[in-house]
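The values are calculated or read from the model by the stated rules, or taken from the named source; none is laboratory data. Quick caveat: nothing in here was measured; it's all calculated off a predicted structure. Don't worry about glycine lacking a Cβ; one is built from the backbone with ideal geometry, like all the others, and counts go over all protein chains shown. Accessible surface is based on the protein model in full, side chains and every heavy atom, while ligands, DNA and RNA are left aside. Shrake-Rupley method; radii C 1.70, N 1.55, O 1.52, S 1.80 Å.
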Amino acid sequence: MEGDSTLQLRVFDLNCWAIRYLSKRRQERMRLIGDVLLQECFDLILLQEVWSEQDYSDLKVKLGGCYPFSHYFRSGVIGSGLCVFSRFTILDTLLYQYSLNGYPYMLQHGDWFCGKSVGLVIVKISGIIFNVYVTHLHAEYCREKDAYLPHRLVQAWELAQFIRHTSKAADVVLLGGDLNMHPDDVGIRLLRGWTGLQDAFAEAKHFEGCKDGCTLIPNNCFTIKTELLPFPLGIRIDYILYKAISSFMVKCEELKTTTGSAPGRDIPFSDHEAVMATLHIRRQREAASATLSTAEPALVDVVTEARTEVGVGLRAAQRQRYSTGRLAVLALLLLLLQAVAVLGTLAGLGGQPFPKLSFSLLAFLAVAILLLATGLHLFHTIEVKMLQGTEEQMRMALRVLQEQP
């Protein structure tokens with residue numbers, strides 16, 4: 001790229017909702033997704049919830065002619081679900097798995113088993129280095145009583161830190177994914193404020209799609225309608241964010257979303273609407289100012305709010321750790337009492353021994369409780385440490401912000 005020439009980049013982002021044996025009409029939808037990607041021929045494709053590696057492999061074969069470069073990010077028990085397809089050579093990749101990601105005993109939610117992460121691919125297009133990030137944060141499930149808010153804020157903070165510390169050599173930063181946060185939520189404000197990322201929907205010169213850019217809408221046949229009752233138009237939780245570094249400028253010329261059923265079909269591509277952005281990247285005659293977004297006074301309030309919520313989660317985790325620790329101690333004491341009773345019976349010091357079946361069942365129950373409580377105690381101990389670490393990082397960030405002139 002020379003002079004004032006402009007590079008046009010088309011980006012596609014979609015939460016595919018492709019869970020083997022659980023997602024409705026998964027294989028049919030994945031074929032539809034592959035078809036539209038071949039027809040449109042985007043430059044970069046960022047996908048989430050592709051939980052089946054077979055689905056990724058099928059897409060890789062199908063899209064190989066148009067998108068010869070791709071990468072699947074593996075993490076957790078069932079995988080991160082993140083993958084990227086590119087028309088341009090992928091120079092490098094990196095995966096960061098979030099330190100907190102829900103609870104293993106919340107089986108009905110299952111986020112913990114996914115190993116929620118942020119994936120980075122580095123591509124070079126017309127001499128411009130792009131750091132492209134794809135991520136999927138913990139789901140909300142209940143907005144009125146969001147037990148996962150501290151975990152999602154930790155993820156948003158770690159995502160922001162990961163982008164800040166890995167993008168220093170890049171010319172342009174792109175982030176796409178299901179952030180599971182509304183545009184005005186503290187996590188989004190923290191992420192954007194701390195990284196300086198711009199929202200493609202807010203910056204787009206032309207928009208076409210669902211009203212207010214919503215990506216989870218009642219008209220989608222796969223959405224749970226009761227969860228969207230407070231939001232008759234739907235909610236916007238899928239994003240394409242971007243910023244330019246060094247001497248480049250990025251503008252979003254056009255943003256589109258899908259609007260329910262795929263053209264000519266009775267089903268949509270997913271329970272989420274796809275987001276498609278057309279970005280124009282241009283080299284500036286003079287390097288942009290090095291002023292950091294973190295110098296904005298309003299960011300102090302955002303970090304303070306986020307730190308407060310993390311502190312609430314920390315205290316809840318400390319209570320859980322105490323409760324599970326106490327339960328483990330009680331189970332251990334029960335086992336010790338049983339051991340004393342056995343020894344007393346063997347020594348002829350006790351009366352009638354317990355019935356063997358009842359005694360064995362009681363011992364089995366005590367061992368089961370001890371193992372479960374110990375495991376939960378260790379898990380919540382790790383949770384406490386991670387929350388403490390994030391709270392300390394935010395405290396240090398606030399101090400730096402407040403010391404700035």
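Below is a table of values for the structure above.
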quantity: Selected residue (criterion: nearest to residue 305 (Cα to Cα)) from residues of the stretch 381-405 that are buried (at least 18 other Cβ atoms within 10 Å of the Cβ) and among the charged types (D, E, K, R); calculated: 391
quantity: Which listed residue, of 82, 63, 38, is aliphatic (A, V, I, L, M) and open to solvent by 10 Å² or more (accessible area, probe 1.4 Å); calculated: 38
quantity: Single condition residue 27 does not satisfy, out of (1) in a helix (DSSP H, G or I); (2) at pLDDT below 95; (3) in contact with a Phe, Trp or Tyr (Cβ under 9 Å, 6 or more places away or on another chain); calculated: (3)
quantity: Matching residues in the stretch 3-26 - criterion: being touching a residue at least 12 places away in the same chain (Cβ under 8 Å) and open to solvent by 70 Å² or more (accessible area, probe 1.4 Å); calculated: 4, 6, 8, 20, 24, 25
quantity: Candidate set from the stretch 266-285 (those that are part of a loop (DSSP other than H, G, I, E, B) and surrounded by fewer than 22 Cβ atoms within 10 Å (Cβ to Cβ)); member that is modelled with the highest pLDDT; calculated: 271
quantity: Search result, residues across the stretch 43-56 that are open to solvent by less than 20 Å² (accessible area, probe 1.4 Å) and in a strand (DSSP E or B); calculated: 44, 45, 46, 47, 48, 50
quantity: Residue check, residue 32 over 20 Å from residue 122 (Cα atoms), in contact with a helix residue (DSSP H, G or I) (Cβ under 7 Å, 6 or more places away or on another chain) and either modelled with pLDDT under 95 or open to solvent by 80 Å² or more (accessible area, probe 1.4 Å) (or both); calculated: no
quantity: The stretch 104-128: number of residues that are open to solvent by less than 40 Å² (accessible area, probe 1.4 Å) and out of contact with any Leu (no Cβ under 7 Å at 6 or more places or on another chain); calculated: 6
quantity: Only listed residue being assigned to a strand (DSSP E or B) and at pLDDT 90 or above, chosen from 100, 59, 94; calculated: 94
quantity: Enumeration of residues in the stretch 215-226 that are farther than 17 Å from residue 17 by Cα and surrounded by 15 or more Cβ atoms within 10 Å (Cβ to Cβ); calculated: none
